[in-house]
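Colleague: If you scroll down you'll find the structure; I have some questions about it.
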Amino acid sequence: MENLTYTQAVERLEEIMSSIQGGGMDVDKLAVALKEASALVQFCRGKLYKVDEEVKLLLENMDDETLC
Amino acid sequence: MMNDIENPLTLYSLNNIVREAVSAALPMRYWVTGELSEVREAVNGHCYIELVQRDEATGELVAKARGTIWARIYSLLRPYFLEQTGHHFAQGLKVLLQVSVNFHELYGYTLDVSDIEPAYTIGDMARKRQLVIKRLTEEGVIGLNKELQFPLLPQRVAVISSSTAAGYGDFCDQLHKNSYGFVFYTKLFPAPMQGSAVEQGIIAALDNIARNLDFWDVVVIIRGGGATSELSCFDTYELANNCAQFPLPIITGIGHRRDESVLDIVAHTSAKTPTAAAELLIHAMLAQAGWLADVRQSVAGAVRGRLDSEKNRLQSLVQRIPVATALFMQSMHHKLDLWQKYIDASSPERILALGYSITRLNGKAIRSVDDIKPGDEVITTVSGGEFTSRITDKK
């Protein structure tokens, strides 16, 4: 999940939802799906509310010299 | 006045004659159109201008005149023009001026400006703006930026503004101090936000952003609030064309009271003010936060729903078992009855009772007359018993 982008996570969440609702998912796999969905939501919320130090540093250190 | 090679005029005298001739020939005030090629405000409050006319096709100068707007007129004209057109009285504008024609011995031909008609300038700017819009439309670029998908999380924001602009501070404050605690990353790409340097400044900033396109989610172009609403520098073709074709969504917040600028038209989204632009980004984040809050519930709900439907299926199966069993039993009974009837109908007792008999020779049933010959002793079984007979004859 580390390398996942927000958009990919959202797509996966939608996929899980429609798979459960459409009845295409094996009943035995429901618990696993629920767990994965929970982790994805957690991951997405992190993107919204937690400062990504890596991004912050990258953008802060990007001065005009590194740009040109 | 005597004038020949022996009695030349002084230059002053000659110029004086010209002055009087001009004054006599052009006694009125005239309305004249032209382009301001130079506007210089002197410390004493006077304004010196240069008015030109260009060839429509080639753009080459065909006429030129210097002019003066005296301080007492300029002090009224300047704010009036700005108020009416939303634009400073500045170089590059097409203007309609009321002038009187002067000739001065030292300064030569000049125009004294006594009045201005701002509607002409407004009309000209609108016409130019329309031409730019028409060209962008014809080239199919006007809607390109709008077609870009807005990012789910517009968090990494490349800001094009002037670092001194109040609007930039407002924008950053609004964004970083949002009450929901959303994280934003902003970086300023400085560009002048006023005057003729706007076009090249913003284009250069966009080029800088484009060098690291992956770093950014959106571009925001903002200008300080409180600044006079001088919009025409955001109306140029080059600027609009660059913005329309930029690969990231552009949000504008350049604050204006009148019409949208062409930049606003080509931008992905235009906000009225820098603060409104920040709000827009916060709202996008809020929408995602709301969706995330819902989605976990929805997944749990969907799982519950799925389990319920499985349970129902099972229950209906269970309910169907007794009915199905009963039906099965019933059909078996029916079959057994039929078999019983068939068996009963076929029993030898019943057949004997009807008057039929079985005759055996040596314990073996006689099926044909060929099985016996005269003299044979046979035993015949009839209902209720049997009797023995001897064959006397056969036919």
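Colleague: Could you tell me which residue out of B:Ala300, B:Pro8, B:Asn362 lies farthest along the dipole of chain B toward its positive end? Charges go on the beta carbon: Lys and Arg +1, Asp and Glu -1, centred on the Cα centre.
Modeller: About the Cα centre, the residue reaching furthest to the positive side is B:Asn362.
Colleague: Counting Lys and Arg as +1 and Asp and Glu as -1, what is the net charge of the other residues whose Cβ lies under 13 Å from the Cβ of B:Trp70?
Modeller: Computed value for this residue: -1.
Colleague: Among B:Gly384, B:Thr252, B:Trp339, whose Cα lies farthest out toward the positive end of the dipole of the protein assembly as shown, if unit charges sit on the beta carbon of Lys, Arg (+1) and Asp, Glu (-1)?
Modeller: My answer, from the dipole projection, is B:Gly384.
Colleague: So which lysines can B:Lys272 reach, going by Cα to Cα under 28 Å and dropping same-chain residues fewer than 8 places off?
Modeller: Within the straight-line limit of under 28 Å, B:Lys272 reaches these lysines: B:Lys94, B:Lys128, B:Lys134, B:Lys146, B:Lys177, B:Lys187.
Colleague: Pick out, in residue order, every one of the GluC sites (Glu not before Pro) in the stretch B:1-63 that is DSSP loop and has at most 15 other C-beta atoms within 10 Å; say none if there are none.
Modeller: B:Glu6, B:Glu56, B:Glu60
Colleague: Separate question: Taking every pair of alpha-carbon atoms in the stretch B:1-94, what share in percent sits in each 10 Å bin, from 0 to the bin with the longest distance?
Modeller: In whole percents, the pair-distance histogram is 13, 31, 29, 17, 8, 2.
Colleague: Among B:Tyr342, B:Tyr12, B:Tyr30, which one shows the biggest mean-square fluctuation in a GNM of chain B, springs joining Cα atoms closer than 10 Å?
Modeller: Result for chain B, Cα springs under 10 Å: B:Tyr342 fluctuates most.
Colleague: On to the next question. Summing Lys, Arg as +1 and Asp, Glu as -1, what charge do residues with Cβ under 13 Å from the Cβ of A:Gly24 carry, A:Gly24 excluded?
Modeller: Charge balance near A:Gly24 sits at 0.
Colleague: Do you know the relative contact order of the stretch B:137-286, to the nearest whole percent, from alpha carbon pairs under 8 angstrom that are 6+ apart?
Modeller: Computed over the stretch B:137-286, the figure is 33 percent.
Colleague: Running a GNM on chain B with Cα contacts under 10 Å, which residue among B:Arg19, B:Arg211, B:Arg320 ends up with the highest mean-square fluctuation?
Modeller: B:Arg320
Colleague: How high is the relative contact order of chain B, given as a whole-number percent (alpha carbon pairs under 8 Å, six or more residues apart)?
Modeller: Rounded, it is 11 percent for chain B.
Colleague: State the extension gain, in nm to one decimal, for the chain segment bounded by B:Asn212 and B:Val378, taking 0.36 nm per residue of separation less the distance between their alpha-carbons.
Modeller: That pair, B:Asn212 and B:Val378, stretches by 47.7 nm at full extension.
Colleague: Report the far tail of the P(r) of chain B, meaning the percent of Cα-Cα pairs longer than 35 Å.
Modeller: When every Cα pair of chain B is considered, 61 percent fall beyond 35 Å.
Colleague: Could you work out the helix-only [θ] at 222 nm for the protein assembly as shown, with each DSSP H run of four or more residues adding -39,500 (n - 2.57) and the total divided by the number of residues, to the nearest 500 deg cm²/dmol?
Modeller: Theoretical 222 nm ellipticity from helices: -15500 deg cm²/dmol.
Colleague: Another question, then. Which value in nm describes the separation of the simple spin-label points at B:Arg66 and B:Tyr80, placed 7 Å from the Cα toward the beta carbon?
Modeller: The answer from the label model is 2.6 nm.
Colleague: Mind checking which aspartates and glutamates have their Cα closer than 18 Å to the Cα of B:Lys335? Skip sequence neighbours fewer than 8 apart in that chain.
Modeller: The qualifying aspartates and glutamates are B:Asp344.
Colleague: Tell me the Kirkwood hydrodynamic radius of the stretch A:6-67 in angstroms, computed as one over the mean inverse distance between distinct C-alpha pairs.
Modeller: 14.0
Colleague: Something else: Take every residue in peptide B:53-65, count the Cβ atoms of other chains within 10 Å of its Cβ, and give the average of those counts.
Modeller: 0
Colleague: Can I ask one more? Enumerate the lysines that B:Lys394 could reach by cross-link, defined here as Cα to Cα under 23 Å, with residues fewer than 8 away along the same chain left out.
Modeller: B:Lys364, B:Lys373
Colleague: Find, among the chymotrypsin sites (Phe, Trp or Tyr not before Pro) in the stretch B:135-219, those assigned to loop by DSSP (not H, G, I, E, B) with at most 15 other beta-carbon atoms within 10 angstrom.
Modeller: The qualifying sites are B:Tyr180.
Colleague: With contacts defined as alpha carbon pairs under 8 Å and 6 or more residues apart, what's the relative contact order of the stretch B:11-116 in percent?
Modeller: So the answer I get is 33 percent.
Colleague: Give the whole-number value, in cubic angstrom per residue, of the convex hull volume spanned by the C-alpha atoms of the protein assembly as shown.
Modeller: 368
Colleague: Could you please rank B:Trp291, B:Trp31, placing first whichever residue has the fewest other Cβ atoms within 10 Å of its Cβ?
Modeller: Result, fewest neighbours first: B:Trp31, B:Trp291.
Colleague: Additional query: Normalised by the empirical 2.2 N^0.38 Å for globular proteins, what value does the Cα Rg of the stretch B:88-186 take?
Modeller: After normalising by residue count via 2.2 N^0.38 Å, the value is 1.88.
Colleague: How many nm separate the modelled label positions at B:Ser23 and B:Glu50, each set 7 Å beyond the Cα in the direction of the Cβ?
Modeller: The answer from the label model is 2.8 nm.
Colleague: If we count other beta carbons within 10 Å of each Cβ, what is the order of B:Asp115, A:Asp26, fewest first?
Modeller: In increasing order of surrounding Cβ atoms, one gets A:Asp26, B:Asp115.
Colleague: Separation between the B:Met332 and B:Lys146 pseudo-spin-labels, each 7 Å from Cα along Cα→Cβ, expressed in nm?
Modeller: Inter-label distance under the simple model: 7.6 nm.
Colleague: What is the pair-distance distribution P(r) of the stretch B:349-390, computed from all Cα-Cα distances in 10 Å bins starting at 0, with each bin given as a whole percent?
Modeller: It works out to 30, 54, 16, 0, in whole percents.
Colleague: What are the residues whose amide H is under 5 Å from the amide H of B:Thr68, where those residues sit 5 or more places off or on another chain and H is modelled from the backbone?
Modeller: B:Ile49, B:Leu111, B:Asp112, B:Val113
Colleague: Sticking with this one: On average, how many beta carbons from a partner chain sit within 10 Å of the beta carbon of a residue in A:25-32?
Modeller: That average works out to 2.
Colleague: How crowded by other chains is A:47-56, given as the mean number of beta carbons from other chains within 10 Å of each beta carbon?
Modeller: Average per residue, whole number: 4.
Colleague: Among B:His334, B:His283, B:His104, which one shows the biggest mean-square fluctuation in a GNM of chain B, springs joining Cα atoms closer than 10 Å?
Modeller: B:His334
Colleague: Once the dipole of chain B is set up with Lys and Arg at +1 and Asp and Glu at -1 on Cβ about the Cα centre, which of B:His46, B:Ser316, B:Gln330 lies farthest towards its positive end?
Modeller: B:Gln330
Any read-out appearing in this document is the output of simple, stated calculations on the displayed coordinates, not a laboratory observation. Being a predicted model, the structure only gives us computed values, none of them experimental. So basically every Cβ, Gly included, is an ideal-geometry build from the backbone, and we count neighbours across all protein chains shown.
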